[in-house]
Protein chains: 2
Amino acid sequence: MVAMAPALHDKAAAAVLPEEISIDSCGIEPDLEDADAIGKLRGEREIVLGRNLHDQCFSITEPEHDDEETGDKDVYMAGVLARYRKTLVERTKYHLGYPYNLDFDYGALSQLQHFSINNLGDPFIESNYGVHSRQFEVGVLDWFARLWELEKNEYWGYITNCGTEGNLHGLLVGREVFPDGILYASKDSHYSVFKAGRMYRMEVVKVDTLLSGEIDCADFQRRLLENQDKPAIVNVNIGTTVKGAVDDLDGVIKTLEDCGFSQDRFYIHCDGALFGLMMPFVKRAPKVSFKKPIGSVSVSGHKFVGCPMPCGIQITRIEHINTLSRNVEYLASRDATIMGSRNGHAPLFLWYTLNRKGYRGFKKEVEKCLANAHYLAGCLRESGFGAMLNELSSTVVFERPQDEAFVRKWQLACQGKIAHAVVMPSVTVDKLKVFLKELIESRSRLFPDGKIVAPCVAEELGAKNCACVKHSSCS
Amino acid sequence: MVAMAPALHDKAAAAVLPEEISIDSCGIEPDLEDADAIGKLRGEREIVLGRNLHDQCFSITEPEHDDEETGDKDVYMAGVLARYRKTLVERTKYHLGYPYNLDFDYGALSQLQHFSINNLGDPFIESNYGVHSRQFEVGVLDWFARLWELEKNEYWGYITNCGTEGNLHGLLVGREVFPDGILYASKDSHYSVFKAGRMYRMEVVKVDTLLSGEIDCADFQRRLLENQDKPAIVNVNIGTTVKGAVDDLDGVIKTLEDCGFSQDRFYIHCDGALFGLMMPFVKRAPKVSFKKPIGSVSVSGHKFVGCPMPCGIQITRIEHINTLSRNVEYLASRDATIMGSRNGHAPLFLWYTLNRKGYRGFKKEVEKCLANAHYLAGCLRESGFGAMLNELSSTVVFERPQDEAFVRKWQLACQGKIAHAVVMPSVTVDKLKVFLKELIESRSRLFPDGKIVAPCVAEELGAKNCACVKHSSCS
């Protein structure tokens, strides 16, 4: 008999959802890199395991002998699930901090939910396991290859479990093409890029960023010149996690060429997690295209497209996969994916949405998101908050609200003194109005005398975007 | 406008499912390691991309301007999905070769399918993203930690995307504990073990196996003695992919000790993909337990438990994760998982099944599977087929049927001259009877004169399990 958590011991008691637990009060989100905060979170760099997470979780209990007759267990579980559903509805409603489009309707696919669909291995090598969705997966991959201008017979790719897997794959391909290559990535890159570097035992060089969050090509040049003897494997961000900054791909390529790196001595992986799917629809945006000397592009499927579970798309040149597969002993497998078994439902969700919305649909949504993001940034500034919005982005960065309950309610992602809201298709102007109203009210409570003091975020967002006494008077 | 595949160009035409495509006629499944076959599959070790997979996939097409009015697109998509569903029903019915339990009913969870549930990062570090299922995930992890005898405050773990991710994680932990350790794995280990070794740039030593598929401890001893100066990171199989063999964990530990490896100089990862969840319920089976000096255990969730998408459970000692996290700069993240975003639906499926079935329910199912596997192996031998069944396993290995259409219909996993059927809870005696009847009929067609010649599989399955002229007369 498994021990039950005290709160759940009495089946007759109503199923009580664990309260939202915050490990500490700083409200940091785990998708951001912040070594200090990690130390804090873990206290002496030990994991503070649980903090009652064990007690507050929904324990699994051995069924009683007479459960089938009494139905008690079913009643208990139905209660837990119904309350959980209510929480999800609530939490979905107040959500601004993460780049997930929560606006989707996959009712037409519910008839397929109970099949064990597994695209194990390579999308282009049929498995004997028949319950797969490769015919949808390849359709989705073809669509993305076309978006990034690579012919059907020139690309290889697969649908991944998330953006991280795309980065892990792209950088592994880079390392296989250049086993002694150095990995260059701006310090604003997603932490999975650095994780990959260390997992793969690669030499990693961190490059500075501009205030916008873009890679600083001048610093990149300095770093390259220090390491001219080794090939370069470069991570280019198409939308950074925190500031939504888009690295200047053309600038990166020019810098490589200026430093004497010919195309057979560098490999570029584009991490397009969120913005890789938005940028093609933004006027004036630099173009991600395989007509340029890039090696791979990855994008998340659960972000702009929207999907009930995380997933992503990874596209690379077939010649690179052949480099991998020529060294079969290396991979010791007939597939070049990171994972073996792969979720076969994800391709169905993507296939469905891409078919329904098409290029035109995405274009319309991207335009709406950018307009709404500008609206939000404008209102924040008018209300005396420091705020920044990169031109090509729908990620609005602003001073971190000091009311932690408010941060949690709206699920804002924070890093140090700043927070961000990501304006996705599921974020309407009405929602933004409610958010702004509550944000202003929450600030008022902190300054009951009405004399509001805005924190200085000039270092993070630039003096012109800062609303503190010193900088607001300058601008 | 995206190009449409010819067959799908006319929306008015009924949606036609692509035929099942076999890359070549050898019917090899991608979950098995077989370097020669990879070469063959890829021809000159180049990927033969597509083989019409592009043409036969369901292309994504740009919606017409009047689609919303005419509803043509919806009609087309509904047709594709309905036919796809029919195929899934059919393919699910005839399925013996893969260790997936297809018998589950998650109707109670359908109310949650449309939420974007994401357990990003560490299960024990709360994220600001509120639409998660950590309270269920930790419940599931607690259950497994208890199964493998590790206290709640002594373990760390998470729900992975598949068995491969568990192996990637366990072996990464091993490498972090012993950065210069050598990875030992039997040649029957899953290919992801060797993939991990190469990804992580570890020295890898392949160890021989016995005929049963178990690791050969005598060979293991020889290899250890050749490398006494370096720590050992050992992959122990709790059920190999092909033969369902269970490595002798106690024997492995004893061999390490006999060779002078104290507990601070080795790390054992147990790959329990399928059998890790069955063995605890088998009488006489050796025990996987953290009371022994092991470092991590992984198991798949979509195999014996059954789940619509691949998932797995990874459990390790918290002290090892603290080794990882002390070196925060290393991971450059505040979580110690391989993936960043994680599917929040998988914990719900597992929580639901574990709660409903409990230890007793699993025990009953394991007993049924083993009995049915013995039934199948017995019938095969009686009918003159070479066949083998390891004592602790429900994986029946037998001579590969020569009729490839039959292999594909029943989705048998094959390697060289052998095939296997995995008897899961969804495999009933009635299904086995149909399978046997069709297998015998299919063989009869190959020998119209009634003089059946069984192939020799003595090398693969042992002389006593072989039905060829030479060996059947000996036994």
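Details
- Label point distance in nm, A:Thr428-B:Asp430, each placed 7 Å from Cα along Cα→Cβ: 5.1 nm
- At R0 = 45 Å, FRET efficiency that the Cβ-Cβ distance of B:Arg284 and B:Val453 yields, to 0.05: 0.75
- Tensor-based shape of chain B (alpha-carbon gyration tensor, a/c under 1.5 rounded, otherwise prolate or oblate): oblate
- The figure for B:Thr70 is an accessible area of roughly 60 square angstrom, using a 1.4 Å probe on the protein chains alone.
- For the protein assembly as shown, accessible area per residue (1.4 Å probe, heavy atoms of protein chains only), Å²: 35 Å²
- Shielding by partners for peptide B:153-162, expressed as the average number of C-beta atoms from other protein chains within 10 Å of each residue's C-beta, is 3.
- Cα gyration tensor category, rounded, prolate or oblate, for segment A:400-452 with a/c compared to 1.5: oblate
- Among B:388-400, B:404-416, sorting by the average number of other beta carbon atoms lying within 10 angstrom of each residue, highest first, gives B:388-400, B:404-416.
- R0 of 45 Å, Cβ-Cβ distance B:Glu382-B:Ser262: FRET efficiency to nearest 0.05: 0.35
- The translational diffusion coefficient of segment A:92-204, from Stokes-Einstein at 4 °C and 1.567 mPa s with a Kirkwood hydrodynamic radius over alpha carbon pairs, comes to 75 µm²/s.
- Cβ-Cβ FRET estimate between A:Glu203 and A:Lys93, R0 fixed at 56 Å, reported to 0.05: 0.75
- Within 10 Å of the Cβ of each residue in B:263-272, the mean number of Cβ atoms contributed by other protein chains is 0.
- Fraction of antiparallel bridges per DSSP, segment A:213-298 only, in percent to nearest 5: 10 percent
- MRE, 222 nm, helices only [DSSP H, n ≥ 4, -39500 (n - 2.57), over chain B, to nearest 500]: -11500 deg cm²/dmol
- Furthest towards positive pole of dipole, B:Pro310, B:Leu88, A:Ala218, structure part the protein assembly as shown, Cβ charges: B:Leu88
- ³J(HN,Hα), Karplus 6.51/-1.76/1.60, whole Hz, each residue of segment B:356-362, x for Gly, Pro: 6, 8, x, 4, 4, x, 5
- Chain B against chain A buries an accessible area of about 13700 Å², both chains summed, 1.4 Å probe radius.
- Distances from B:Lys470 to itself in the other copies, using label points 7 Å out along the Cα-Cβ axis, amount to 8.8 nm in increasing order.
- Inter-label distance, B:Lys292 to B:Asp403: 4.3 nm, where each label sits 7 Å from its Cα along the C-beta direction.
- Based on C-alpha pairs under 8 angstrom that are at least 6 apart in sequence, segment A:211-314 has a relative contact order of 24 percent.
- For segment A:102-212, relative contact order (Cα pairs under 8 Å, six or more residues apart, normalised by length) works out to 17 percent.
- Accessible area of chain B belonging to carbon and sulfur atoms, whole % at 1.4 Å probe: 51 percent
- Remark: for residue pairs A:Lys73/B:Lys364; A:Lys243/A:Lys303; B:Lys86/B:Lys195; B:Lys243/B:Lys470, the C-alpha separation exceeds 27 Å in B:Lys86/B:Lys195.
- Solvent-accessible area lost in complex, 10 Å² minimum, residues of segment A:280-302 relative to chain alone, 1.4 Å: A:His302
- With all protein chains modelled, accessible area of B:Val177 [1.4 Å, Å²]: 40 Å²
- Note, ³J(HN,Hα) from phi for segment B:164-169, Karplus 6.51, -1.76, 1.60, rounded to Hz, x at Gly and Pro: 4, 5, x, 5, 4, 6
- Normalised contact order of chain B, rounded percent, pairs of Cα under 8 Å and 6 or more residues apart: 18 percent
- Modelled spin-label separation between A:Glu69 and B:Arg146, with each label point placed 7 Å from Cα along the Cα-to-Cβ direction: 2.5 nm.
- In terms of accessible area, using a 1.4 Å probe and ignoring ligands and nucleic acids, B:Leu225, B:Leu168 rank largest first as B:Leu225, B:Leu168.
- Residues in segment A:176-195 that, when all protein chains are in place, have 40 Å² or more less accessible area than the chain alone would give (probe 1.4 Å): A:Tyr191, A:Lys195
- Debye intensity ratio I(q)/I(0), log10, segment B:298-453, q values 0.10, 0.12, 0.13, 0.18 Å⁻¹ (C-alpha model): -0.55, -0.70, -0.78, -1.10
- Label point of A:Glu226 (7 Å along Cα→beta-carbon): distances to the other copies' equivalent points are 4.1 nm, sorted ascending.
- Distances from B:Thr428 to itself in the other copies, using label points 7 Å out along the Cα-Cβ axis, amount to 4.9 nm in increasing order.
- 3J(HN,Hα) from dihedral phi, segment A:149-156, Karplus parametrisation 6.51/-1.76/1.60, rounded to Hz, x for glycine, proline: 6, 10, 5, 4, 8, 10, 10, 9
- Ordering of A:152-159, A:359-366, B:379-386 by packing is A:152-159, B:379-386, A:359-366, highest average first (other Cβ atoms within 10 Å, averaged per residue).
- Under conditions of 25 °C and 0.890 mPa s, segment B:360-451 yields 179 µm² s⁻¹ as its translational diffusion coefficient, taking Rh as the Kirkwood radius over Cα pairs in the Stokes-Einstein equation.
- The order of A:Lys431, A:Lys93 by accessible area, most exposed first and with a 1.4 Å probe, is A:Lys93, A:Lys431.
The values are calculated or read from the model by the stated rules, or taken from the named source; none is laboratory data. This is a predicted model, so every value here is computed, not measured. Every residue, glycine among them, receives a Cβ derived from its backbone with ideal geometry; neighbour counts consider all protein chains shown. Just so you know, the surface numbers come from the protein's heavy atoms only, side chains and all, with ligands and any DNA or RNA stripped out. Shrake-Rupley method; radii C 1.70, N 1.55, O 1.52, S 1.80 Å.
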